[in-house]
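The values are calculated or read from the model by the stated rules, or taken from the named source; none is laboratory data. Because the structure is predicted, anything quoted here is derived from the model rather than measured. So basically every Cβ, Gly included, is an ideal-geometry build from the backbone, and we count neighbours across all protein chains shown.
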Amino acid sequence: MTRLVISKVQLDELALESKRESPNEAVALLFGHRNNEDWVVERVMPVRNSTPSPYAFSIAPEDIYQAYVWADKNGVELVGIFHSHPGKPYPSSVDVKYMRLNEVIWIIAGYGASEFRAYMLSGERILEVDIVVTP
Ligand SMILES: [Zn+2]
């Protein structure tokens, strides 16, 4: 089973971003390495939500480009995409559409970042992914 491995500090950073952007959705790219079933986060990179809204997010192409250049330089790959919801941390229909285009782990914070859940698409099915928090 695929697992998302993330440190407590990184998770706190995502919670802080969520609160900072509230009520709009916060967005971050998670870079690291895949270790068999474990997708290990090494770096959290907050990015601008280019269409600030409590219901959606988007990332400007130039921000994505810069993030990929940085990742390439640092020998890491995109392992996850994070965003926050004001309510339930479940993928919206729009999220599912973009999950098809970005086959990484999607981690969503909900209810004021008090709850985190992670998902992946397997064919047409949405699978919940365990989040392993390291000290
Ligand atoms: Zn969403």
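List of remarks:
- Every condition in (1) touching a Ser or Thr at 6+ places or on another chain (Cβ under 6 Å); (2) among the hydrophobic types (A, V, I, L, M, F, W, C); (3) touching a residue at least 40 places away in the same chain (Cβ under 8 Å) holds for Ala60 except the one numbered (3).
- Residue match in segment 49-58 (condition: surrounded by 16 or more Cβ atoms within 10 Å (Cβ to Cβ) and away from the ligand (no atom under 13 Å from the Cβ)): no
- If you filter segment 65-95 down to residues that are without any contact (Cβ under 8 Å) to a residue 40 or more places away in the chain and surrounded by 15 or more Cβ atoms within 10 Å (Cβ to Cβ), you find that the one that is nearest to the ligand (Cβ to nearest atom) is Asp95.
- One residue from Ser58, Ser50, Ser22 being modelled with pLDDT under 95 and closer than 15 Å to Ala113 by Cβ: Ser22
- Which numbered condition Thr51 misses (of (1) over 21 Å from His85 (Cα atoms); (2) touching a Ser or Thr at 6+ places or on another chain (Cβ under 6 Å)): (1)
- In segment 2-39, residue surrounded by the most Cβ atoms within 10 Å (Cβ to Cβ) [restricted to those that are part of a helix (DSSP H, G or I) and among the polar types (S, T, N, Q)]: Ser18
- Taking the conditions (1) over 19 Å from Thr134 (Cβ atoms); (2) out of contact with any Lys or Arg (no Cβ under 9 Å at 6 or more places or on another chain); (3) β-branched (Val, Ile, Thr) in turn, Val9 satisfies each one other than (1).
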